[in-house]
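The structure appears right after this line, and notes come after that.
The values are calculated or read from the model by the stated rules, or taken from the named source; none is laboratory data. Here the structure is a predicted model, which is why all the values come from computation and not from measurement. Cβ sites come from the backbone with ideal geometry, for glycine too, and all protein chains shown count toward neighbours.
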Amino acid sequence: MEIRRLPSWTFAIAAALLVAVWQWATVNANYAGNWTALFRTGALQPQPPELAGENIYRFAGSTGYDGQFYHYIAHDPLMRTSLAAAVDNPRFRYRRILVPALAYGLALGRTAWVDRAYEAVCLLAIALGVWWSCRFADKSGLAPAWGLLFLLLPAVPITADRMVVDAALAALAVAFLLYVSRPSWKLFVVLSCAALVRETGFLLIAGYCGWLLWRRQWRGGCIFLLSAVPALAWYGYVQVRTAQQPIAFAPFRAILDTFRQPLGYPAGTPLAAWVSAADYLALAGLGLAFLLAIARFANHPRDPVRIAALLFVVTGLILRDPNPFRNVYDFGRVYTPLLLCLQRGAGCQPADRLTIGPGERSSPGWFRTMAVGAVETRGPVLLAPVLLMLPRIGMQFAPQVLGVTRWLAR
């Protein structure tokens, strides 16, 4: 059987196995077989006494990375213990509940199983992302194998490396592209889950509902606004149990500060000049993505995907904190849904009558319209933002690759 004729699920399984093999190799080669190293826990952060028995791998001289906090949340998703005190910003982090909650559920609440369950949920998210990407490629007139490019999106390798939640939102963003042309219960579930993964998932809901309301499809807009209810209810629960965390807005401040005061590296950092150049290259990729999103919206504003992409740009421009723009490991994963939105053409033509579930109707030219739009607008310039970010991500993996190479050569 030719590769292009293989079903989409085979590529999804292969992708998950590839990521799992890499994780196994790097854990054994670089972290003495301690799988908790994937959560990137910093030695400068206080270790929760409740997890003292896990022998958590701690990175010396480091404050760690976001995955460590989602690890803690997965052990206590309802904030019933003092584990929440170990989270740097409980109100902010606990809102991103879906991945930790799924891990807790998969582990049946057993502490000893939570870590592996969390890793399994991340692998499942990557597999689903590839599966939906393969289906999207197939409907766009391309071979399903092109869906494997999902693995190159910034959120995916960063999730595989540091157990953040962003691969899950990236997968749901692909599903959004796949289902957005026809209102259905699948799209409703995707949007509901996206808002529970992280707050930027609300931008997909806003983009779609805004488009429906723009077309004066009031009933459809009201129905899909309900997809935000589960996340809003959870936010209310978190609000009651956590302290206030202020959010500051200052248009363009974050990006300008990043260019004026770029991320510095300590003396002795190997190839520091090349690393800094790659930082600027990745930041240029983000800037290009912003410009493309604005230009595509201006060219065809009445499209839910382009509306959602513009909303990602707007939120990025009004941020005050420059930290998300200092490293591709931060902004690359956060704006992966934006990068995905650039890959879809215009021409979303839903059914005149909105129905949810069996019996739903689609407009006669829906499939042809979507496929032609996606293929005609997909070009090198739309992939350029991703390609500009990959060198810096690759540099981040270089020490691990070297460690794995030495381990295999023994």
Next item on the list: Might you check whether a residue that is small (Gly, Ala, Ser) and either in contact with a strand residue (DSSP E or B) (Cβ under 7 Å, 6 or more places away or on another chain) or at pLDDT 95 or above (or both) occurs anywhere in region 84-102?
Entry: yes
Margin query: Suppose we keep only residues that are aliphatic (A, V, I, L, M) and without any contact (Cβ under 8 Å) to a residue 24 or more places away in the chain within region 121-168. Which one would you say is surrounded by the most Cβ atoms within 10 Å (Cβ to Cβ)?
Written below: Ala137
Next item on the list: Would you point out the residue of region 300-312, among those that are surrounded by fewer than 21 Cβ atoms within 10 Å (Cβ to Cβ) and touching a residue at least 24 places away in the same chain (Cβ under 8 Å), that is nearest to Leu339 (Cα to Cα)?
Entry: His300
Note to self: Quick check on region 265-278. Is at least one of its residues under 28 Å from Ile126 (Cα atoms), at pLDDT below 85, assigned to a loop (DSSP other than H, G, I, E, B) and among the small types (Gly, Ala, Ser)?
What the structure shows: no
Note to self: I'd like the residue in region 76-98 that is of a type outside the set (Phe, Trp, Tyr) and under 17 Å from the mean Cα position of the chain (by Cα) and, out of all such residues, is farthest from Val240 (Cα to Cα).
What the structure shows: Leu98
Checklist line | Filter result for the condition that a residue is closer than 22 Å to Val165 by Cβ, surrounded by fewer than 16 Cβ atoms within 10 Å (Cβ to Cβ) and at pLDDT 95 or above, over Leu17, Leu38 | finding: Leu17
Notebook entry, point to check: Is at least one residue of region 327-334 surrounded by 24 or more Cβ atoms within 10 Å (Cβ to Cβ), more than 30 Å from Arg215 (Cα to Cα) and hydrophobic (A, V, I, L, M, F, W, C)?
Noted result: yes
Item checked: Matching residues, region 102-120, being under 23 Å from Gly42 (Cα atoms), touching a residue at least 12 places away in the same chain (Cβ under 8 Å) and not charged (D, E, K, R) -> Ala103, Tyr104, Thr111, Val114, Ala117, Tyr118, Ala120
Next item on the list: Provide a single number: the residues in region 130-163 that are of a type in the set (S, T, N, Q) and out of contact with any Cys (no Cβ under 8 Å at 6 or more places or on another chain).
Entry: 2
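Quick grid of which residues meet (1) within 25 Å of Ala282 (Cβ to Cβ); (2) of a type outside the set (Gly, Ala, Ser):
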position: Cys122; (1), (2): yes, yes
position: Ser133; (1), (2): yes, no
position: Pro144; (1), (2): no, yes
position: Leu152; (1), (2): yes, yes
Note to self: Quick check on this structure: which one of Arg95, Arg80 is part of a loop (DSSP other than H, G, I, E, B) and touching a residue at least 60 places away in the same chain (Cβ under 8 Å)?
What the structure shows: Arg95
Check: Going through region 208-232 one residue at a time, which ones are crowded, with 24+ Cβ neighbours inside 10 Å and under 19 Å from the mean Cα position of the chain (by Cα)?
Finding: Tyr208, Ala231
Notebook entry, point to check: Looking at Ala52, Ala101, Ala12, which one is part of a helix (DSSP H, G or I), surrounded by fewer than 19 Cβ atoms within 10 Å (Cβ to Cβ) and under 20 Å from the mean Cα position of the chain (by Cα)?
Noted result: Ala101
Notebook entry, point to check: Can you pull out the helices (runs of 4 or more DSSP H) entirely within region 127-246 that have at least 3 residues that are of a type in the set (Gly, Ala, Ser) and closer than 30 Å to Asp88 by Cα?
Noted result: 166-179, 185-197, 229-241
Notebook entry, point to check: Which members of region 104-143 meet the condition of being of a type in the set (A, V, I, L, M), modelled with pLDDT under 95 and more than 22 Å from the chain's Cα centre (by Cα)?
Noted result: Ala112, Leu142, Ala143
